[in-house]
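Visitor: One structure, as C-alpha cells, below. Some questions next.
Laboratory data are not the source of any read-out in this text; all were calculated from the coordinates shown. From a predicted model like this one, the values you see are computed outputs, not experimental measurements. No Cβ is skipped: glycine too gets one built from the backbone with ideal geometry, and neighbour counts run over all protein chains shown.
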Amino acid sequence: MSHLTFTLIQTNLHWEDKAANLQMLEEKINSIQHPTQIIVLPEMFNTGFSMKPEELGEDMNGPTVEWMKKIAAEKRLILTGSLMVKDEIVQAGETIPTLQYFNRLIWMLPNGQYGVYDKRHLFAYADEDKHYTAGTKRLIASVNGWKINLMVCYDLRFPVWARQQSNDDEPEFDILIYVANWPERRVHAWKTLLTARAIENQCYLIGVNRTGNDGNSIYHSGNSMVIDAMGEVLYEKEHEEDVFTITLSKEKLEEIRHKLPFLKDGDAFSILP
C-alpha cells in the first residue's frame, strides 16, 4: 500500500490516574473524524511519567492492555503507546523468574495480537534506571508493506540505536516513531533531534509528546511533529491539545531515496546487547 494514515493524540495527562486517562483517551479516539489506520499515544499514556511501577505497574493481562485490545478491535486499527508493565523474566543462567518493571511500548493490532518494545535508554536524570529495566531489542513492525521502527522518549538522544542497519539495498524501516513525555525546557533538543533522525535515516519521523504539567510541576509543551525524509516539518502543534490525522506517501519517500541514495554509503556496524 502506497499510503498509510496515522492519528497523533497530543494531550495533557491525569497524574497517576489510569481510569481518568483511559476514559479521556477513549473520548478523544471516538472524536476522530477521518479514517485512520494507526493511533499513536504519548509515553506512559495512562499515568504520566511516574516512578511508581511497584504501585501502578500492570501485567500484560491488566486493564490497560485489555483496554488497548478493546479499542483496536472496535475501531479496526492499530493502537500504540507506552505504559509501565511488570513482567516475570528468567535471567540468563537462572531458572526462577524475577519480577521486573519496564517502560513498555505496546503495538496493539485489531485482532488482539501485539508486539512490545521495552525502552532501551532509561532517563537516569529522573532515576528511571532505578525503577525500570532497560530493554535490549528493537521492534520494527510491518504494516501493508511499510516498516515502522518504534522508540520511546529518551531513546531519541541516542542515534545509533535508531540507525538504519540494513545490510542490503533495502532500508530497514520507513517510519520512525517516538512516544514521549519530553519537557518544554528541553524542547529545542526534541525538535532538533527529531529532524536529525528523519534526515539521517531517510525516513518519515513521528514524534508524539504530551502537554501540561505533570505531578512534579514539570511543564510539557507538546510540539508533536511529523517530519519527512528531507527534514521538512509536515505537522507540529505547540502547547495545545490536538488530535491530528495525516496520510504519508510511500511513493514520495521512495522518490527521495532514489534521487538521493545516501543510505548505501553508510557505515557498517552492529549493536551489542
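Visitor: Going highest first, how would you order 254-260, 228-234 by mean Cβ packing within 10 Å?
Guide: 228-234, 254-260
Visitor: Picking from E58, E241, E94, which is most flexible by a Gaussian network model of the chain using Cα springs under 10 Å?
Guide: Its mean-square fluctuation being the largest, the pick is E94.
Visitor: While we're on this one: Is there a quick way to get the dipole size of the range 3-265? I mean about its Cα centre, with the Cβ of Lys and Arg at +1 and of Asp and Glu at -1; what is the value in debye to the nearest 20?
Guide: 300 debye
Visitor: Longer than 21 Å from Cα to Cα, which of K130/K237; K86/K137; K18/K147; K70/K147 are they? Say none if no pair is.
Guide: K130/K237; K18/K147; K70/K147
Visitor: Using the Karplus equation 6.51 cos²θ - 1.76 cosθ + 1.60 (θ = phi - 60°), what ³J(HN,Hα) coupling, rounded to whole Hz, does each residue of the range 28-44 give in order, writing x for Gly and Pro?
Guide: Along the range 28-44, the couplings run 5, 5, 5, 7, 4, 8, 9, x, 9, 10, 9, 10, 10, 9, x, 5, 6 Hz.
Visitor: When D17, D127, D214 are ordered from fewest to most other Cβ atoms inside 10 Å of their Cβ, what list results?
Guide: By the 10 Å Cβ count, ascending, the order reads D127, D17, D214.
Visitor: Quick one: Karplus J couplings for the range 100-117, per residue in order, coefficients 6.51, -1.76, 1.60, θ = phi - 60°, nearest Hz, x for Gly and Pro?
Guide: 10, 10, 10, 8, 10, 7, 10, 10, 8, 8, x, 8, x, 6, 8, x, 10, 9
Visitor: Counting other beta carbons within 10 Å of each Cβ, put T211, T195, T95 in order, fewest first.
Guide: Exposure proxy ranking, most exposed first: T95, T195, T211.
Visitor: While we're looking at this one, here's another question. Which order results if W146, W182, W161 are arranged by neighbouring Cβ count within 10 Å, fewest first?
Guide: The fewest-first ordering by Cβ neighbours comes to W161, W146, W182.
Visitor: Also, quick follow-up: Using only helices, what value at 222 nm comes out for the chain when you add -39,500 (n - 2.57) per DSSP H run of length 4 or more and divide by the total residues, to the nearest 500 deg cm²/dmol?
Guide: After summing the helix terms and dividing by residue count, I get -6500 deg cm²/dmol.
Visitor: Moving on to the next point. Ratio of Rg to Rh for the chain, alpha carbon only, Kirkwood?
Guide: Here Rg/Rh amounts to 0.95.
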